[in-house]
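The values are calculated or read from the model by the stated rules, or taken from the named source; none is laboratory data. Given the structure is predicted, the values throughout are model-derived calculations rather than measurements. Reconstructed Cβ throughout: ideal geometry from the backbone, glycine too, with neighbour counts over all protein chains shown. Accessible surface is based on the protein model in full, side chains and every heavy atom, while ligands, DNA and RNA are left aside. Shrake-Rupley method; radii C 1.70, N 1.55, O 1.52, S 1.80 Å.
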Amino acid sequence: MYLPFEEMPDTARVWVYQANRKFTLEEIQLVESRLTAFCNQWNTHGNLMPTSFDIKYDQFIILSVDESKLGASGCSIDSSVKTLRELDQVLKVNLLDQGKISFVYQDDITISSLGEIKSHIQSGALTSNSKVFNPIIQKKEDLQNKWLIPASESWLNRYFNN
């Protein structure tokens with residue numbers, strides 16, 4: 001059962017999927033259409049769950065489920081991944097690769113592989129003060145203060161001379 005993202009409680013569970021590039025306007029419309037249809041039928045053990053999604057920075061898809069009355073089952077989570085995999089293939093945006101690191105550089109979002117991190121640090125594009133996206137947040141409320149954090153407060157801190 002789809003609800004507007006703003007109506008989801010702060011305690012709602014979230015999953016963040018990051019594309020390796022920004023979506024076009026037409027792609028955003030396609031994502032919105034497909035995810036609205038998916039959320040309207042997303043269920044666990046035959047029971048509809050209050051669900052939603054949001055697209056942030058034209059590049060991140062955030063799925064959300066209110067688990068206060070009914071938790072998402074493994075099968076229901078698998079169905080969401082299947083839907084994201086289909087979008088991934090249609091849009092060719094690499095949503096499911098969890099080896100990406102996203103950070104803000106010169107007011108733009110840079111998506112990088114782990115292997116490129118040291119070169120971004122050496123070039124000065126990524127510093128301990130750079131804002132990085134934490135892809136493992138778990139609650140909607142985390143989007144406000146735990147999603148975009150200084151690199152020094154993330155696991156990337158080990159790459160900086162302290």
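Overall, the accessible surface of segment 82-129 at a probe of 1.4 angstrom is composed of carbon and sulfur to the extent of 43 percent. Here Lys82 is the anchor, and the aspartates and glutamates within straight C-alpha reach of less than 17 Å, apart from those fewer than 8 places off in the same chain, are Glu32, Asp97. Cross-link partners of Lys131 among aspartates and glutamates, defined as those whose alpha carbon lies under 13 angstrom from its own and excluding same-chain residues fewer than eight positions apart: Asp107, Asp108, Glu153.
Out of all DSSP beta bridges with both ends in the chain, state the antiparallel percent to the nearest 5. Can you show the working numbers first?
On the way: 25 of 26 bridges.
DSSP beta bridges in the chain are roughly 95 percent antiparallel.
Under 14 Å of direct C-alpha separation, and excluding same-chain neighbours fewer than eight residues apart, Lys100 reaches these aspartates and glutamates: Glu116. Distance between the pseudo-spin-label points of Arg85 and Lys139 (7 Å out from Cα toward the beta carbon): 3.1 nm.
A Cβ-based charge dipole, computed about the Cα centre of segment 73-156 with Lys and Arg at +1 and Asp and Glu at -1, lands at about 100 debye.
Computed per residue of the chain from DSSP H runs no shorter than four, each worth -39500 (n - 2.57), the mean residue ellipticity at 222 nm is -8500 deg cm²/dmol.
Taking the C-alpha atoms only, the angle from helix 74-91 to the longest principal axis of the chain is near 60 degrees.
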